[in-house]
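Here the structure comes first, spelled out in structure tokens, and everything after it is commentary.
The values are calculated or read from the model by the stated rules, or taken from the named source; none is laboratory data. Nothing here was measured: the structure is a model prediction, and the numbers come from that model. Positions of Cβ are backbone-derived with ideal geometry, glycine not excepted, and every protein chain shown enters the neighbour counts.
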């Protein structure tokens, strides 16, 4: 295992979006290390209309203009969302979705804790594949909160990203989600681990009227 240093995040946003696929999010919660493998990311740049930074500097968006590796958290429809700054002021990567991960540090019994943090309707247990398949579901499952982590840096005692040697065999590159019309919604700035396309937020491989080579690309790594 290798904890990602701030130098790792000093990459172009799209390159970082690809590089983060397969990395492990580690979060300590009540003496347990909860973990999830990153399977989907989105890149954002200052000079394109889909980004928060394109709206200008504010104290709330300050993290986007701080050094690479700074955590930027905000509320998406009232719920927490996780981003990390990268090379270039205003540029960042959104962690769009992940999948629960288990090993010697984050054992399988942590699944129950994640399910308690992020229950399904009526309090039932959310399925493994549905725990982190969305930016706000991910944060809820790992107990990541805007007031705790916005404008902060990673801390190896409580919250960090880990490289366990896994690399996707293929990457799907496609358009981002939730970008309003006229806000550069056509840009292919979303990246998905091909092996986890079924568990991502929205799988382009199964969408009707979506054409390979035009609406998405499959990249060999």
*Does residue 145 satisfy being under 29 Å from residue 48 (Cα atoms) and either surrounded by 20 or more Cβ atoms within 10 Å (Cβ to Cβ) or touching a helix residue (DSSP H, G or I) at 6+ places or on another chain (Cβ under 8 Å) (or both)?*
yes
*Which one of the conditions (1) at pLDDT 95 or above; (2) loosely packed, with under 14 Cβ neighbours inside 10 Å does residue 77 fail to meet, given that it meets all the rest?*
(1)
*Count - residues of region 36-51 that are touching a strand residue (DSSP E or B) at 6+ places or on another chain (Cβ under 7 Å), surrounded by fewer than 23 Cβ atoms within 10 Å (Cβ to Cβ) and over 16 Å from residue 201 (Cα atoms)*: 1
*Is it true that some residue in region 170-186 is more than 26 Å from residue 72 (Cα to Cα) and modelled with pLDDT of 95 or more?*
yes
*Please give the strands (runs of 3 or more DSSP E) falling wholly within region 160-221 in which 1 or more residues are without any contact (Cβ under 8 Å) to a residue 60 or more places away in the chain, buried (at least 18 other Cβ atoms within 10 Å of the Cβ) and touching a helix residue (DSSP H, G or I) at 6+ places or on another chain (Cβ under 6 Å).*
170-174, 216-220
*Count of residues meeting criterion [on the phi > 0 side of the Ramachandran plot and touching a strand residue (DSSP E or B) at 6+ places or on another chain (Cβ under 9 Å)] in region 84-110*: 1
